[in-house]
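The values are calculated or read from the model by the stated rules, or taken from the named source; none is laboratory data. If you're wondering where the values come from, they're calculated on a predicted model, not measured in any experiment. Here the Cβ positions follow ideal geometry from the backbone for every residue, glycine too, while neighbour counts run over all protein chains shown. Side chains are part of the model used for accessible areas, which takes the heavy atoms of the whole protein and leaves out ligands, DNA and RNA. Shrake-Rupley method; radii C 1.70, N 1.55, O 1.52, S 1.80 Å.
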Amino acid sequence: MHHFDYIDGEMHAENVPIQQIADEIGTPFYVYSTATLVRHYQVFAGALTALGLDSEVFYAIKANSNLSVIATLAAEGAGADIVSEGEMRRAMAAGVPASRIVYSGVGKSEAELTFALSENVHQINVESDSELETLSRLASSMGKTARIAIRVNPDVDAKTHAKISTGKKENKFGIDIDRAEEIYARAAALPGIEPVSVAVHIGSQLTELEPYRATFVRVAELVRRLRELGHDIRHLDLGGGLGIPYTAAQSNSPPPAPDDYARVVADTLGDIGCKLAFEPGRMIVGNAGMLIAKTLIVKQGEARRFLVLDAAMNDLIRPALYEGHHEIKPVKEPNPKTPVQAHDVVGPVCETGDTFATERALPLINEGELVAFGSAGAYGAVMASTYNSRPLIPEVLVSDDQFSVVRPRQTYEMLLGMDRIADWLPADQENAD
Ligand code: LLP
């Protein structure tokens, strides 16, 4: 459920007309709904507590790391799951204390680990033998003890897009679950390391529960074996990954509801005696955001009708990278009599991959009209680039009838200001002789 609807013929984010934001800040831009963020967080956290699970939620800020989004969720009680020093700094700047931060990721640098240790991060999820040794060395030299989980790779097929599947043996993530006993023995023997948890994350945009069940059963067996070997495992980190509906069609057979997910957790791990940590990202923010763009050009080709928008693959890369589907709606509610026609919706970037949708049935859209991409709150703005020297676009947060620009549009000055002319080149090419 989200809070983007037509009111009096105009698409609104909560009680703010999208057109009003566009008039003030121009297009394209991302817009997020506070009410949707809060609702999704509460639905997810509530589904776990309703079943009496001793749980805590660490929002995976990679999905949307705008400081205002993190702060909104932190105010609801969310901790943060991070994968870089930059994300850790964002989480802390948004008001999440280090004691509520879990540090995941397959390749952390020594500088990043040192930073996390110096801030007394809640937990570090270790993904390799090498990382374990490095962390032990760094923690000991700093006189610290790192609370760790070993991220195990359970070799389970998450049945999602290959690029976002992480729990199979051939994926780069985690340590083979078959090696877990050996690695916990090593961790327990190392100075500066306190193994407290087992972590697992098998992929993103999961639309079935069975892969979770299979994973959690394997984790439960592992915890029992580890305890027999004397490891006092009292925490588990079960990752994120719950899918969201991207299409109206999917809404008829939607991805698993948080309640059903929680039931699988309760069935498999409810009596294990561990505090359970979760790292949802997309589920919280995905449907809490839209990308708004203007139709620059309508081009009626021989084979196709193209809508060329002012947003492009550099702003929202999911369609190009994962064949991701995002619903597209006109911001002005179409008259039911408006003819529906197949449109290819594209951006201005100079490659054919810059295509948001092919042969999408849409009410006839004209030049100058605004369109809204649904489900763009997760992995949208955070994956944007300045390809084709297109400035990063603004992000707007709405709350009821107010809105705030929570990231202004990048100026050309900022964009060009990142570069330097090499010492041996004339600083000002025009005056060079
Ligand atoms: N925990 C870990 C260790 C992760 O790697 C991820 C996502 C999450 C939690 C959060 O997963 P979520 O609940 O959001 O599914 N850019 C891709 C998705 C990449 C997901 C990466 N890891 C996309 O746009 O589909």
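How large is the accessible surface per residue of the chain, computed with a 1.4 Å probe and reported in Å² as a whole number? Don't skip to the end; give the middle numbers.
Working: 18700 Å² over 433 residues.
Here the residues of the chain average 43 Å² of exposed surface.
Just need the relative contact order of the range 1-142 here, percent rounded to a whole number, with Cα pairs under 8 Å and 6+ apart. List each step's numbers first, then the result.
Working: 170 pairs, mean separation 20.8, N = 142.
Across the range 1-142, relative contact order equals 15 percent.
Express the carbon and sulfur contribution to the solvent-accessible surface of the range 34-285 as a percent, rounded to the nearest whole number, probe 1.4 angstrom.
Numbers: 4630 of 9360 Å².
For the range 34-285, the apolar C and S fraction of the accessible surface comes to 50 percent.
Counting pairs on different chains as well as pairs 8 or more places apart, how many Lys pairs in the chain have Cα atoms under 16 Å apart?
Close lysine pairs found across the chain: 9.
Based on DSSP H assignment, which helices of the chain show an axial Cα extent of at least 15 Å together with a mean Kyte-Doolittle hydropathy greater than or equal to 0.0? All intermediate terms of the calculation are to be shown ahead of the outcome.
Numbers: long enough: 34-50 (23 Å, 0.65); 129-141 (18 Å, -0.44); 210-228 (28 Å, -0.53); 258-269 (16 Å, -0.23).
Those that pass (Cα extent of 15 Å or more, hydropathy at least 0.0) are 34-50.
Modelled label-to-label distance, Glu10 and Lys163, 7 Å Cα→beta-carbon offset: nm?
3.6
Sort Glu24, Glu208 by heavy-atom solvent-accessible area, probe 1.4 angstrom, most to least. Could the numbers behind the result be given before it?
On the way: Glu24 125, Glu208 75 Å².
So the residues, ranked largest to smallest area, are Glu24, Glu208.
Can you say what percent of the DSSP beta bridges in the chain, counting only those with both residues inside, are antiparallel? Round to 5. Before the final figure, lay out the partial values.
Details: 35 of 71 bridges.
The antiparallel proportion sits near 50 percent.
Subtracting the Cα-Cα distance from 0.36 nm times the residue separation, let me have the gained length for Thr49 to Ser253 in nm, one decimal.
Values: separation 204, 0.36 × 204 = 73.44 nm, distance 2.53 nm.
This chain segment gains 70.9 nm when fully extended.
So for the chain, taking the charge dipole from beta-carbon charges (+1 Lys/Arg, -1 Asp/Glu), which of Tyr412, Ala45, Val396 sits furthest toward the positive end?
Ala45
Give the distance, in whole Å, between the Cα centre of the range 115-186 and the Cα centre of the range 408-428.
39
From the helices alone, meaning DSSP H stretches of at least four residues, give me the mean residue ellipticity at 222 nm for the chain, per-run term -39500 (n - 2.57), in deg cm²/dmol to the nearest 500. Working shown, then result.
Values: 12 runs with 121 residues, N = 433.
Result for the chain: -8000 deg cm²/dmol, rounded to the nearest 500.
Taking R0 as 35 Å, what FRET efficiency do you get between Ile272 and Arg137 from their Cβ-Cβ distance, rounded to the nearest 0.05? Intermediate values should be presented prior to the final figure.
Values: r = 32 Å, r/R0 = 0.91.
Efficiency, rounded to the nearest 0.05: 0.65.
Roughly how big is the range 170-306's charge dipole about its Cα centre, with Cβ charges of +1 (Lys, Arg) and -1 (Asp, Glu), in debye to the nearest 20?
On the way: 16 positive and 18 negative charges, 151 e Å.
Computed about the Cα centre, the dipole is about 720 debye.
Of all DSSP beta bridges in the range 34-285, what percent run antiparallel (nearest 5)?
Details: 1 of 30 bridges.
Close to 5 percent.
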